[in-house]
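A short write-up of the structure that comes next.
The values are calculated or read from the model by the stated rules, or taken from the named source; none is laboratory data. These numbers were taken from a predicted model, which means no experiment stands behind them. Cβ coordinates were reconstructed from backbone atoms using ideal geometry, including for glycine residues, and neighbour counts include every protein chain displayed.
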Amino acid sequence: MANPVIILVSEHYADTLLEVFYRRYGYDYQLRSARSCLEAEKLAQELKDGGEAVALFVSDSRLPDVSMFEAMHRFRVVLPTARRVVAAHWDYFLEDADELRPGLARGKFDAYLLMPRGNRDEEFHTAITELLSDWTATVPQPEVVSAKVISPVHDGLTMAIRDFLDRMGMQNNLYDPTDPHLAEFMPRLFEEMGTDDPTYPVVWWPGRRAVQARSVKDVARSIYPRSQDDADEVVDLAVVGAGPAGLAAAVYAASEGLSVRVLEAEAVGGQAGTSSMIRNYLGFPRGISGMRLALRARNQAIRFGTRFLTGWEVTGFEVGTDGEPHVLRCEDDAVRARSVLVANGVAYRKLGVPALEDLVGNGVNYGAAMTAGREMEGYDVVVVGGGNSAGQAALHLCRFASSVTIVVRRPGLEETMSDYLIKEIGYQERISVRPCTRVVDGGGEGALEWLSLEDTNTRERERVEARGLFLLLGAEPRCDWLPPELARDKNSFILTGRDVPREQWVDDVPPANLATTIPGVFAAGDIRAGSMKRVAAASGEGASVVPLVHAFLAPAAEAAAVGAPVG
């Protein structure tokens, strides 16, 4: 397969850009240059028609034939998946900035940079490599494969496993076991598994045992298995849920010397990990995908000593009394901890249409389903939901799908979605919004083919073609495993601090801000009543729990120190 292409566009500085890019990217990318928007547009179309992949457009801020906004629009129409960068010459970078920078908030291009002024312009190249990395995550067949998913059928389980691997930041590819390219590989795989008739799908990765997966949990548990040495341990802090709140708590607690275990039923990152691009998170001016944010936080926590357990769904909680640790029960194991942070977030509400529930995994998806998005190229899709997650999903899907329709019951998106997302959606001609509408039916032969949409005011129904339905329907707390001693509100969200009913205060003093009604148990993130439901807020809450954990553990530590013999 030919190397992907980077197209460099400038009337006067194309040669300068070509020289700079050749030194860094000439071995792994094809570099092509153009002097105008029209020339670049024709070149991009020729490459597309020839089956070649274009990863990136890099354009001077001033072109001879059209405005920069028009150029970026035309580049996006030809190649929606390619990233787009404006690299202004230093003579007019500041002059053009006021006009061009607002375009970033509307998604008209991905970065506004100063054209390199010499060798080793690392700030420039950091931005370029991050964008190339983001582009790689949207490629159906990545060059570097961390895991091979082998299956003769492309069913719902196979799709779910690939989506889990994508959310974990593990690039993967799907292979048929009869693929000629696997002719030498398959006999070795059979020998490793001890059978030539495995249960598919099979997941293989270097340095690990292959997994005959009956569920996503089988794959998840193989990534972070629990050793026998851990079976009897009592950790300082057990974190239930590896979303932004849980990850922040793990980083700060482990960095301060606490022993930390993080239990996650699905993929590290939680719902935030499915966001294709978060643009309003502090410190990432070009935005960052939820997967990459979660991957960085996970690596940071591991560096300080945190142990992760993926595929571990907590099903029961035994409250520790008289100095005994709390016990978190899972399906076939348990974790004992002196303190617990409940940060397992919320689940998307079910649509409640039986015909569509039967098609989950075959065109119908709860959440953004990163892998399923790549499968939607050339099709019409529907996103149900009016929150930020729904907006980010729609923006991701419009890179592939012919059309994306956002369906909401409200009269519009303004009440529930951030302004920057609404503006970016308004700029995308492939996305339309249908307010005061709900999905009432749908179907297809083995996979989704059509939906029935109902106007909530007139009750009129319309049947539309759709190969993808992505449901982001709001939040329900995952609280059925929690003990009755832990106070919750009428919607089952966990009460903390002064929100706890006064009759449950101790000595007429409320619990600390993020503390619950069980000593040593804290709550943070979306599962907490009154939380802000934003990534940054959840991260802040997770970090804020750590001093409370220290304060709770301190009396036990001091007592142990007093009782210790003097050496």
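Descriptive notes on the structure:
- Qualifying residue in the range 204-217 (condition: touching a residue at least 24 places away in the same chain (Cβ under 8 Å), crowded, with 18+ Cβ neighbours inside 10 Å and within 18 Å of GLU264 (Cβ to Cβ)): yes
- Strands (runs of 3 or more DSSP E) contained entirely in the range 299-342, each with at least 1 residues that are among the acidic types (Asp, Glu) and either outside the structural domain of VAL251 (by TED's automatic domain parsing) or more than 22 Å from GLY525 (Cβ to Cβ) (or both): 316-318
- Matching entry among ARG62, ARG84 (being surrounded by 15 or more Cβ atoms within 10 Å (Cβ to Cβ), part of a strand (DSSP E or B), at pLDDT 90 or above and not polar (S, T, N, Q)): ARG84
Quick grid of which residues meet (1) modelled with pLDDT of 95 or more; (2) assigned to a strand (DSSP E or B); (3) outside the structural domain of GLU318 (by TED's automatic domain parsing):
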| site | (1), (2), (3) |
| --- | --- |
| TRP481 | no, no, no |
| GLU485 | no, no, no |
| PHE522 | yes, yes, no |
| ALA537 | no, no, no |
| PRO547 | yes, no, no |
| HIS550 | yes, no, no |
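Each row is one residue, and each column tells you yes or no for (1) surrounded by fewer than 20 Cβ atoms within 10 Å (Cβ to Cβ); (2) outside any loop (DSSP other than H, G, I, E, B); (3) over 19 Å from the mean Cα position of the chain (by Cα); (4) not assigned by TED's automatic domain parsing to the domain that holds LYS217.
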position	(1), (2), (3), (4)
PRO152	yes, no, yes, no
MET159	no, yes, no, no
ARG162	no, yes, no, no
GLY169	no, no, no, no
LEU174	yes, yes, yes, no
PRO177	yes, no, yes, no
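- Per the listing ALA44, ALA2, the residue uniquely surrounded by 20 or more Cβ atoms within 10 Å (Cβ to Cβ), of a type in the set (Gly, Ala, Ser) and at negative phi is ALA44.
- Single unsatisfied condition, PHE522 versus (1) within 30 Å of LEU79 (Cβ to Cβ); (2) buried (at least 16 other Cβ atoms within 10 Å of the Cβ); (3) of a type outside the set (Val, Ile, Thr): (1)
- Residue match in the range 256-268 (condition: within 28 Å of SER389 (Cα to Cα), without any contact (Cβ under 8 Å) to a residue 60 or more places away in the chain and part of a loop (DSSP other than H, G, I, E, B)): no
- Per-region count, the range 358-400, residues touching a Lys or Arg at 6+ places or on another chain (Cβ under 7 Å) and among the hydrophobic types (A, V, I, L, M, F, W, C): 5
- The listed residue being crowded, with 16+ Cβ neighbours inside 10 Å and of a type in the set (Asp, Glu), out of GLU264, GLU233, GLU256: GLU264
- Filtering the range 87-102 to residues that are aromatic (Phe, Trp, Tyr) and surrounded by 15 or more Cβ atoms within 10 Å (Cβ to Cβ) leaves only PHE93.
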